[in-house]
Amino acid sequence: MTLFRYKAVAAALSGDTSPPVRGEIVAATPSEARAALRRGGLRPVWLRAARGGERPASKADPAGIQQLLRAWVQSWRRGRHRALKGDLCDALATLLDAEIRLRNALGALADDGEADRRVRRVAKELRAAVETGVPFSKAMAAHSGWFDAGEIAMANSGESSSDLPRVIRRIGERAGGAARAESAVVGALLYPLIIGLVGVGVALFLANRTLPQLSGVLAAADLDPPALTAAVMGIGGFVWSYLLLLMTGSVLLVAAVGTGVRRLTATSAFAHRVVAGLMPRFLRRRQIARALSHLADLTEAGVPLVDAIPLAAQTCSALVGGTLRTQLDHAGQQMREGVQAGRALESVSALPAEARRIVRVGVDSGELSAALRRVAERTRHQADRALERWSKLAEPAAILVMAVCVGVVVMAAVLPILRLQEIVR
């Protein structure tokens with residue numbers, strides 16, 4: 001069961017001016033939650049799952065904690081397997097295009113000595129399932145650490161339409177693109193991070209090795225070290241002595257702040273908008289591009305739009321893309337209630353106005369997949385340009401941090417030397 005938070009008004013009369021009410025309701029699906037509210041005389045204004053989507057776990061509900069942990073672990077494993085999944089699906093699609101039967105293609109991948117052992121293992125397990133008569137999509141569902149719900153739905157639709165090779169190739173391209181995007185973000189952050197760590201490390205070394213020796217020379221001459229030198233030695237000695245404790249405390253602090261922010265944004269739409277607005281723009285745009293691209297993949301594979309929208313919403317993270325995820329779920333619910341697809345998607349205000357217009361035109365013209373693909377590509381290019389600008393600013397900022405740290409320590413070392421020169425004179 002899932003915990004939903006809602007805002008609703010009385011459903012008796014359209015002219016009723018009673019204030020809206022907020023609350024929580026537990027149901028299996030958003031449809032059941034809305035139906036329960038209507039039976040209670042309320043008309044939902046908005047309805048969204050609590051962050052994490054599940055009812056908060058308690059001592060009486062240990063299964064909730066296990067489910068959340070399992071979902072997190074599966075998402076983490078899928079992230080680790082992105083590049084390998086891209087190679088697996090690309091090779092499998094190539095074999096299928098050569099009119100090799102599915103189980104034989106999987107067997108060839110399982111016996112490929114040059115492939116990664118993890119790819120060989122999952123290919124072997126998929127082949128064993130297919131040989132017993134299990135559909136390929138259901139065999140994929142048994143490997144949640146490799147394939148998500150959207151990819152399984154695409155494979156299921158591809159099997160029904162006898163277009164499985166193209167669908168598998170698209171899954172591989174999607175996984176490879178996600179791996180390249182992740183590498184680009186890591187590459188943009190890695191260089192500034194290394195520079196910053198080197199600067200801090202050099203500063204700590206000088207503060208704990210060089211400055212105490214200079215201060216010892218001053219102490220032998222019955223002189224007090226300069227205030228800056230004493231301060232740097234004190235700070236450096238404290239950090240060096242409690243380095244492990246400080247690192248552990250920093251990790252716990254970040255985790256606590258993250259948990260507090262998630263709870264705050266789950267209960268306050270305003271807080272969620274503020275926190276999401278503080279995120280770098282390229283992260284928000286990447287969320288939009290990923291969701292729209294996945295929605296285009298699902299619709300091209302033949303998944304009904306009403307089912308594809310919630311699957312695409314699952315690609316959005318709870319913090320950065322939580323608003324988009326909620327609005328996509330709401331659009332899917334509107335379609336189930338009879339609202340036209342164009343109008344439902346146009347209500348997703350988290351999308352740029354231009355994107356909403358293009359999607360509306362795509363729905364009216366019957367070329368929604370192509371419209372979604374164009375919007376996703378455009379948004380991805382915008383995110384890449386924003387990331388490039390951000391990385392160009394991050395590199396000099398990291399160099400500046402290193403220069404400040406090392407410069408302060410060097411100045412703390414120069415001051416005792418100048419005082420010693422005065423004594424010699």
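The values are calculated or read from the model by the stated rules, or taken from the named source; none is laboratory data. None of these values were measured; they are calculated from a predicted model. Virtual Cβ from ideal backbone geometry, glycine too; neighbours counted across all protein chains shown. Accessible surface areas use protein heavy atoms only, side chains included; no ligands, DNA or RNA. Shrake-Rupley method; radii C 1.70, N 1.55, O 1.52, S 1.80 Å.
In a shell of Cβ-Cβ distance under 12 Å around His143, excluding His143 itself, what net charge do Lys and Arg (+1) and Asp and Glu (-1) give? List each step's numbers first, then the result.
Details: positive: Arg77, Arg78, Lys85, Arg118, Arg121, Lys124, Lys138; negative: Glu125, Asp148, Glu151.
Net of charged neighbours comes to +4.
First compute the accessible area of the stretch 362-425 with a 1.4 Å probe, then give the percent of it belonging to carbon and sulfur atoms.
Values: 2520 of 4000 Å².
Whole-percent figure for carbon plus sulfur exposure: 63.
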Can you pull out the GluC sites (Glu not before Pro) in the stretch 328-389 that DSSP calls coil and that have at most 14 other Cβ atoms within 10 Å? Glu337, Glu367
Which entry is the computed volume of the Cα convex hull per residue in Å³ for this structure: (1) 219; (2) 145; (3) 162? (1)
Table column - 3J(HN,Hα) (Hz), the stretch 190-200, Karplus curve with 6.51, -1.76, 1.60, x for Gly and Pro: 5, 4, x, 5, 5, 4, x, 5, 5, x, 5
Lys/Arg +1, Asp/Glu -1 at C-beta; the stretch 97-251 dipole; positive extreme among Leu245, Gly187, Ile171: Ile171
In Å, what is the Rg of the alpha-carbon atoms in the stretch 289-425, and how long is Dmax? 26.2, 93
For Ala10, residues with placed amide H under 5 Å, excluding near neighbours: Arg43
Could you run the Karplus curve 6.51 cos²θ - 1.76 cosθ + 1.60 with θ = phi - 60° over the stretch 141-152 and give me ³J(HN,Hα) per residue in whole Hz, x for Gly and Pro? 4, 6, 10, 5, x, 10, 10, 8, 5, x, 5, 5
Apply the Karplus parameterisation 6.51 cos²θ - 1.76 cosθ + 1.60, with θ equal to phi minus 60°, to every residue of the stretch 354-363 and state each ³J(HN,Hα) to the nearest whole Hz, in sequence, with x for glycine and proline. 4, 5, 5, 5, 4, 5, 4, 5, x, 5
Net dipole in debye of the chain [+1 Lys, Arg Cβ; -1 Asp, Glu Cβ; about Cα centre; nearest 20]: 860
Pick from Leu190, Leu345, Leu387: which is most flexible by mean-square fluctuation in a GNM of the chain where alpha carbon atoms under 10 Å apart are linked? Leu190
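Report the gain in length on full extension from Ile194 to Glu114: 0.36 nm times residue separation, minus Cα-Cα distance, nm rounded to one decimal.
25.4 nm
Expressed in nm to one decimal, what extension gain is obtained for the pair Ile417 and Phe205 from 0.36 nm per residue of sequence separation less their Cα-Cα distance? Kindly include the intermediate steps, with their values, before the conclusion.
Details: separation 212, 0.36 × 212 = 76.32 nm, distance 1.82 nm.
Once the chain is fully extended between Ile417 and Phe205, it gains 74.5 nm.
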Computed over the chain, protein heavy atoms only, probe 1.4 angstrom, the accessible area per residue in square angstrom equals 55
With 0.36 nm assigned to each residue of separation and the Cα-Cα distance removed, Val239 to Val404 gains 57.7 nm
Once amide H atoms are built 1.01 Å from N in the peptide plane, which residues 5 or more positions from Trp46, or in another chain, come under 5 Å H to H? Lys7
